[in-house]
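> Okay, handing you the structure first.
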Amino acid sequence: MKYLNFHAHQPEISPDMAAVVCFEPDAPFPAIPPEQFAACGIHPWSLNRLSAGDLEKCLADLAVYAGSGRLCAIGETGLDRLKGPELELQTRIFLRHVGLAEKHSLPLIIHCVRCYPELLQMKKQSTGAVPWLIHGFNSNIRQLEQLLSHGCFISFGPPAMRGKNVKESLLKAVPLERLCLETDDSPDDIKSVYRTAAGILKIDESALLEIMNHNFQSIFRKANDR
Ligand SMILES: [Zn+2]
């Protein structure tokens with residue numbers, strides 16, 4: 001069993017770890033070692049830099065990737081009230097990602113900052129056919145409960161592990177079968193994230209490894225079929 005990293009921007013370097021490496025459609029397809037995984041999406045921050053024409057090109061390239069069989073997920077994509085452009089544009093582009101994910105039966109890796117009500121609204125209107133993984137969760141217990149009640153998976157990375165009690169209580173509030181772990185763009189390796197999470201949850205690292213492998217399989221089923 002490997003230490004699986006549910007959301008990263010670089011592959012893992014050691015053979016006992018594997019990552020879902022997210023890239024954007026206007027970047028080259030990442031060099032990923034065998035048994036690691038690629039996901040593609042347009043980050044909401046990138047909507048600030050892309051012209052309308054470049055954005056359409058990105059969406060077209062993303063659609064090609066989505067149908068290519070080379071991706072394990074669509075993302076990261078999402079909504080960001082602090083650093084993204086106007087929400088109308090973010091919503092429109094996010095819904096294009098949802099459409100592609102549902103068309104190709106791929107899970108979504110989602111970045112969400114202060115837009116949980118809007119995100120939940122879209123979740124309710126979606127077919128519910130593909131898993132939604134909320135990465136880098138960093139909000140409050142009320143939002144967490146709502147996401148959980150709508151079937152989302154919740155992923156935590158190093159910022160959630162850095163000692164603040166309120167964040168530890170969020171980690172503990174996620175049922176183990178909905179929990180994911182990630183490094184995102186942090187320099188920490190995924191093993192250290194597992195170690196810290198196991199400490200907070202007071203479970204054996206080997207038990208956590210087993211749970212994460214199970215969750216990975218239920219989210220990224222297609223990646224495992226390959
Ligand atoms: Zn990220």
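> How large is the Kirkwood hydrodynamic radius of the stretch 1-132, in angstrom, based on all distinct alpha carbon pairs? Walk me through the intermediate numbers first.
Numbers: mean 1/r = 0.0665 Å⁻¹.
Evaluated on the stretch 1-132, it is 15.0 Å.
> Could you work out the relative contact order of the chain, using alpha carbon pairs under 8 angstrom and six or more residues apart, expressed as a whole percent?
So the answer I get is 19 percent.
> A further question follows. Of the chymotrypsin sites (Phe, Trp or Tyr not before Pro) in the stretch 11-119, which ones lie in a loop per DSSP and count no more than 16 other C-beta atoms within 10 Å? Let's see the in-between values first.
On the way: sites: PHE23, PHE37, TRP45, TYR65, PHE94; in loops: none.
Qualifying residues, ordered by number: none.
> State log₁₀ I(q)/I(0) for the stretch 166-226 at q = 0.20, 0.25 Å⁻¹ as given by the Debye formula over alpha-carbon point scatterers of equal weight, solvent excluded.
For the stretch 166-226 at q = 0.20, 0.25 Å⁻¹, log10 I(q)/I(0) is -0.83, -1.16.
> Write down the Å³ per residue value for the convex hull defined by the alpha carbon atoms of the stretch 3-225.
113
> How much length is gained if the chain between ARG70 and ARG49 is pulled fully straight, taking 0.36 nm per residue apart and subtracting their Cα-Cα distance, in nm to one decimal? Intermediate values should be presented prior to the final figure.
Working: separation 21, 0.36 × 21 = 7.56 nm, distance 2.62 nm.
Here the segment from ARG70 to ARG49 would lengthen by 4.9 nm.
> Follow-up. Rank ILE154, ILE32, ILE134 by mean-square fluctuation in a GNM of the chain with C-alpha springs under 10 angstrom and give only the top-ranked residue.
ILE32
> Looking at the chain as a GNM with Cα springs under 10 Å, which of ALA66, ALA27, ALA39 has the largest mean-square fluctuation?
It is ALA27.
> Under unit Cβ charges (Lys, Arg +1; Asp, Glu -1), what dipole magnitude, rounded to 20 debye, does the stretch 41-123 have relative to its Cα centre? Intermediate values should be presented prior to the final figure.
On the way: 10 positive and 9 negative charges, 24 e Å.
Dipole size: approximately 120 debye.
> ASP61: net charge of surrounding residues, Cβ under 14 Å, Lys/Arg +1, Asp/Glu -1, itself excluded?
Summing Lys/Arg as +1 and Asp/Glu as -1 gives -1.
> Taking R0 as 22 Å, what's the FRET efficiency between SER169 and ASP204 from their Cβ-Cβ distance, rounded to 0.05?
According to the calculation, E is roughly 0.55.
Laboratory data are not the source of any read-out in this text; all were calculated from the coordinates shown. Bear in mind the structure is a predicted one, so any value in this text is a computation, not a measurement. With ideal geometry, Cβ positions are generated from the backbone for all residues, glycine too; neighbour counts draw on all protein chains shown.
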